[in-house]
Amino acid sequence: MDDNRERELRNVFKFRKISLICLITSILLLTFGGINIVFGIIGAVLMISFFILNSKYWRCPYCGIGFELQHSKMDSSDYCPSCGKKLR
């Protein structure tokens, strides 16, 4: 059971980094969407991926409360702001 909890804790921040990469890439591709429709479609898919990853994984594995969606101090925090449990 402890192994599952530790894996969940690692996944929280791993998927956060992946989702931020999706967001940044989608913004870049959407700005060039006027040049080529493929850029716009890929950018939209990556933007949707950002929201799906954040809604599913960007939450405390202990209390289940979601963290702020915007890039904030939570990205470098060691404790959950809701329940106070150690995340790293």
Residues of the stretch 36-53 that turn out to be touching a Phe, Trp or Tyr at 6+ places or on another chain (Cβ under 9 Å) and either under 13 Å from I21 (Cα atoms) or surrounded by fewer than 16 Cβ atoms within 10 Å (Cβ to Cβ) (or both), as a count:
2
Across the stretch 10-59, what is the total count of residues that are touching a Pro at 6+ places or on another chain (Cβ under 9 Å) and free of Cβ contacts under 8 Å to residues at least 40 places away in the same chain?
0
Of the residues in the stretch 19-35, how many are assigned to a helix (DSSP H, G or I) and surrounded by 15 or more Cβ atoms within 10 Å (Cβ to Cβ)?
8
Restricting the stretch 32-84 to residues that are over 10 Å from the mean Cα position of the chain (by Cα) and hydroxyl-bearing (S, T, Y), which is modelled with the highest pLDDT?
Y62
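The values are calculated or read from the model by the stated rules, or taken from the named source; none is laboratory data. Since the structure is predicted, the reported quantities are computational estimates derived from the model, not experimental observations. So basically every Cβ, Gly included, is an ideal-geometry build from the backbone, and we count neighbours across all protein chains shown.
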